[in-house]
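First up is the structure itself, then whatever we jot down about it.
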Amino acid sequence: MQTLNATTNDFFEQLTTMGLLSSSELDDAINQATADNVPLVRYLCQQGLVNEKQFAQAISQEFDIEFFNLDQHIPSNASISLIDRDLLYQHLLLPLFVKDNQLFIATPEPFEDTVWNQIKFNARMPVVPVLVEYSKIIRIRAKWLNSSVQALSDSLNIKAEEYVVAEDTASFTLTEERNLDSEAPIVRFLNRIISAAIEAKASDIHFEPYDKHFRVRFRIDGLLRDIFSPPSSWSSRIASRVKIMADLDITERRIPQDGRIRVSPDGRNLVDLRVNTLPLQFGEKIVMRILDASMTTLGIDELGYEDDQRVNYLTLLNKPQGMILVTGPTGSGKTVSLYTGLGILNTDERNISTAEDPVEINISGINQTQINSKAGYDFPTAMRAFLRQDPDVIMVGEIRDLETAEIAVKAAQTGHLVLSTLHTNSSTETLNRLLNMGLSTFNVATSVSLIIAQRLARKLCTNCRQTKSKLPAEVLREEGLTDIGIDSERFTLFEAVGCDQCVQGYSGRVGIYETLVITPEISSVILSGGSATDILHAAKQQGFRTMRTSALRKVVSGIISMEEANRITTN
């Protein structure tokens, strides 16, 4: 609960006589800030109720604290390191410099004596607060705090420039406004969250209600990260607002719902969000999947395929018939690989049809259909219809059952190129999965042309990665590095560090692949009833590399860390 001492109370009451805000605005702000457990200075600036510069100057004069212009100063990492990181994250503070054995710290809200005493104790030197404008410290903190995710979390809580929603028939446009008095805080909060997630290149946003708290998490580079904890009272209001945006039933809280939102963060480019609600014990969990249309224009060179793997994919994409299967767990980048392949095939000479559940990205020139199981429109129904539509290429989102598999095989054997996915751990296991579904060895051996198994690994930040100390020969052997023919004296291992340009030492992701071409030799093994181990042995004799080997080659190239290779693959 926010508390204000008598002197501070008197000062805020003087704001009305200064003409910075009205008495009713001040009373409402105090009540709402107290209810939301937000410092009053922060709340006044968040809501745009005061002129930031005049407000900071008034505090400076009243409490005899120097007013400081952050535009003329760049804080040093040395000064930032003098403050306990938890304090730095919990309060609006920015260490500036040490002068005359005193630590100067910028803040727009200098009223908590306990915080200054704690900093003084930890830094072992006197502390001098200086007043700065609210929005300026937000921008500087986001730039200079080492953890980009935490800086983002701070900006969500205390950003001066908020966002509002302008609705039209097609999309929600997130635009910056100066006067937000008439807009609901939930609307501004949600739009700032969405904008921040897109800026952070997150793939998903999670809104999660619990008994005593509520949290927002982003999935960045494949890992979920805590971003912000709004008041728990916001849970139902956030759920209602999302349902309105996604055109869902706002009164239905007992069953899951699916919807879509189209937003424009910059007022120009459109981004699609796939929304799912799930009833939980303490409210509704909402997950937004950010569907990045730019993935449809990615060149295959950007996905991380090695030269021979890329050649395998391109060669078999350009065959008139056969089946290409992309496998891996959820979140391994299968959709990107498929869409990249479809983008290469998407020419005026080809008729391409896809059956998806759901359609994630709209691609001009491709006939995309949305599966609707409740209406009896499933993958087999869609594929049978495709075969009556003079297709050249068919993409089915996932082969889940024997009926779908049989139709896909028939299409691949009768002059069509078929692309699809399965959830298996490796390329050789995929063949066994098809056989276990009930397909004959002949149909598998004569229809499948290529299997791509893949994972996504976090790339090391090239700005801050540092050389890892030499590993003992025994460790290199245990990790499998010596098995791939690498001389430990001829390469350098790197490890993650962390800087203001990355998230804990990582920035972006890269694909790790194994590509299994079904050659005549491997077809013979399949027809003879060979196991996954037999297939793997035959493939290795033809130069096949496992996922582990591909990951280790990325380690040796300095693209990923050894720890990341161990996280996504097993030795």
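Structure notes:
- Any hit, the range 42-59, residues being under 19 Å from Val127 (Cα atoms), assigned to a helix (DSSP H, G or I), at pLDDT 80 or above and β-branched (Val, Ile, Thr): yes
- Top-ranked residue in the range 98-122 [being among the aromatic types (Phe, Trp, Tyr) and touching a residue at least 24 places away in the same chain (Cβ under 8 Å); ranked as farthest from Phe68 (Cα to Cα)]: Phe111
- In the range 429-456, the qualifying residues are those that are in a strand (DSSP E or B) and among the small types (Gly, Ala, Ser), and the one that is least open to solvent (accessible area, probe 1.4 Å) is Ala453.
A quick yes/no check of all residues on (1) among the hydroxyl-bearing types (Ser, Thr, Tyr); (2) in a helix (DSSP H, G or I):
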{"position": "Leu278", "(1), (2)": "no, no"}
{"position": "Arg289", "(1), (2)": "no, no"}
{"position": "Thr335", "(1), (2)": "yes, yes"}
{"position": "Tyr339", "(1), (2)": "yes, yes"}
{"position": "Gly343", "(1), (2)": "no, yes"}
{"position": "Asp348", "(1), (2)": "no, no"}
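- Hits in the range 247-284 (condition: closer than 17 Å to Asp204 by Cβ and touching a Gly at 6+ places or on another chain (Cβ under 7 Å)): Val275
- Pick from the range 514-544, criterion at pLDDT 90 or above and within 19 Å of Gly304 (Cα to Cα), ranking: nearest to the chain's Cα centre (by Cα): Glu514
- When the test is whether a residue is touching a residue at least 24 places away in the same chain (Cβ under 8 Å) and open to solvent by 60 Å² or more (accessible area, probe 1.4 Å), Gln321 passes it.
- Taken over the range 233-246, the residue count meeting the criterion of being open to solvent by 30 Å² or more (accessible area, probe 1.4 Å) and in contact with a Gly (Cβ under 8 Å, 6 or more places away or on another chain) is 1.
- Taking the conditions (1) over 19 Å from Tyr513 (Cβ atoms); (2) surrounded by 18 or more Cβ atoms within 10 Å (Cβ to Cβ); (3) modelled with pLDDT under 90 in turn, Arg268 satisfies each one other than (2).
- Leading residue by the ranking (most open to solvent (accessible area, probe 1.4 Å)) among those in the range 247-265 that are part of a loop (DSSP other than H, G, I, E, B) and in contact (Cβ under 8 Å) with a residue 12 or more places away in the chain: Arg254
- Options Arg400, Arg433; residue that is closer than 19 Å to Ser528 by Cβ and basic (Lys, Arg): Arg433
- Filtering the range 361-394 to residues that are small (Gly, Ala, Ser) and not in a loop (DSSP other than H, G, I, E, B) leaves Ser373, Ala375, Ala382, Ala385.
- A search for C-beta distances below 6 Å between a residue of the range 195-220 that is in contact (Cβ under 8 Å) with a residue 40 or more places away in the chain and any residue that is in a strand (DSSP E or B) and open to solvent by 50 Å² or more (accessible area, probe 1.4 Å), counting only pairs 6+ apart in sequence or on different chains, returns Ala202/Arg219; Ser203/Arg219; Asp204/Arg219; Asp204/Arg289; Glu208/Arg215.
- Applying the criterion of being closer than 28 Å to Ser229 by Cα and among the aromatic types (Phe, Trp, Tyr) to the residues of the range 84-138, the residue that is surrounded by the most Cβ atoms within 10 Å (Cβ to Cβ) is Tyr134.
- For the range 362-418, a residue qualifies if it is hydroxyl-bearing (Ser, Thr, Tyr) and either open to solvent by less than 70 Å² (accessible area, probe 1.4 Å) or in contact with a strand residue (DSSP E or B) (Cβ under 9 Å, 6 or more places away or on another chain) (or both), and the qualifying residues are Thr369, Tyr377, Thr381, Thr404.
The values are calculated or read from the model by the stated rules, or taken from the named source; none is laboratory data. All figures in this text were calculated on a predicted structure; none of them were measured in a lab. No Cβ is skipped: glycine too gets one built from the backbone with ideal geometry, and neighbour counts run over all protein chains shown. For accessibility, only protein heavy atoms count, side chains too; no ligands or nucleic acids. Shrake-Rupley method; radii C 1.70, N 1.55, O 1.52, S 1.80 Å.
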